[in-house]
Amino acid sequence: MARLAGYGGNVKYGAGPTTSTGIKSWTLDYTADAYEGTGFDSSGIRVYSPGLKGWSGSFEGYKDGAPIAIGTAVNLELEESATVGQEWTGSGIITSVGVTTPIDGLVTYSYTFQGTGTLTVATA
Amino acid sequence: MSIATIGTGLKTRLDTITGLRVFAPNELPGSGNEPPMAFILPPAVEYHSDFAANYVLTFRVVVAVTQQDSPTAHDAIMAYMEPSGTYSVLAAIEGDRTLGSTADDVKVVRNLGERVWSIGGIDYLSTEFEVVVYA
């Protein structure tokens, strides 16, 4: 096992998906519901059963062209590095875009997305 | 673009100021020449500003006006410090924010005031600018 610096990461989106430009970070939350099944027969300890899974996330970076339209369905490839297996892939919907225009820096765009369907998890 | 190319792009902008002798980072002289002169010093570099490995350069531009500490020398210095006008360093640089298509954008961040700067053992009345280039 080895630690990994994030600067080799990437975000690809679109039909391809193709490499984005200006992006400098991304986040992903992959979650599973836990359904409570605690009953009188649980001996005073809560019990749960695995439920539905879902995923969502965000990415952000410098403006380099027009922003992605919200409501757009995109294929997503969220890369931890250029190494095969160090990426998370699936389809999602762009659910928000935020714009920041500071006087002392570059214009940035930030996006959130809602994943839909299967998420292929990193393997390496 | 290479750092040297961007430095040359910066020089091209400063060359639009009449009478100013400009030296890019790759052509800095070992001694002073005839003022007024502008020296574009090799920049500080922030690497990996995004996943595409773009970078941010912070140049220091020193404008040396004269060896004399006189009222006219101070006036000359202030003409370069003005945010606009014929001798404005800010206006010259930001007049083309891509520096001749060598950068994404440029910003003259600040002027550091008047000071004495030594070139080849000779002191010049000078002023220094901090210029950030996104490439």
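The values are calculated or read from the model by the stated rules, or taken from the named source; none is laboratory data. Here the structure is a predicted model, which means the values were calculated and not measured. Glycine also receives a Cβ, built like all others from the backbone with ideal geometry; neighbour counts cover every protein chain displayed.
Summary table
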read-out: Close pairs from region A:49-72: first away from chain B (no Cβ under 14 Å) and over 30 Å from residue A:39 (Cα atoms), partner among the small types (Gly, Ala, Ser) and not in a strand (DSSP E or B), Cβ under 9 Å, at least 6 apart; value: A:68/A:20
read-out: Answer residue from region A:32-48, given it is of a type in the set (Ser, Thr, Tyr) and not in a strand (DSSP E or B) and is farthest from the other protein chains (Cβ to nearest Cβ) among those; value: A:43
read-out: Region A:92-109 - residue that is in contact (Cβ under 8 Å) with a residue 40 or more places away in the chain and in a loop (DSSP other than H, G, I, E, B) and, of those, farthest from residue A:14 (Cα to Cα); value: A:106
read-out: Residue within region B:1-16 that is polar (S, T, N, Q), at pLDDT below 95 and more than 30 Å from residue A:81 (Cα to Cα) present; value: no
read-out: Count of residues meeting criterion [assigned to a loop (DSSP other than H, G, I, E, B), of a type outside the set (Gly, Ala, Ser) and either in contact with a Pro (Cβ under 8 Å, 6 or more places away or on another chain) or surrounded by 15 or more Cβ atoms within 10 Å (Cβ to Cβ) (or both)] in region A:73-86; value: 2
read-out: Within region A:10-42, tally of residues that are at pLDDT 90 or above and polar (S, T, N, Q); value: 6
read-out: Region A:43-65, residues that are exposed (fewer than 13 other Cβ atoms within 10 Å of the Cβ) and at pLDDT 95 or above; value: A:43, A:44, A:45, A:46, A:48, A:49, A:50, A:51, A:52, A:53
read-out: Residue list for region A:9-31, filter: more than 13 Å from chain B (Cβ to nearest Cβ), touching a residue at least 40 places away in the same chain (Cβ under 8 Å) and part of a strand (DSSP E or B); value: A:14, A:28, A:30
read-out: Evaluation of residue A:89 against (1) in contact with a Gly (Cβ under 9 Å, 6 or more places away or on another chain); (2) of a type in the set (Ser, Thr, Tyr); (3) buried (at least 16 other Cβ atoms within 10 Å of the Cβ); (4) in a strand (DSSP E or B) (one fails), failing number; value: (1)
read-out: Residue tally, condition of a type in the set (Gly, Ala, Ser) and free of Cβ contacts under 8 Å to residues at least 24 places away in the same chain, over region B:35-86; value: 7
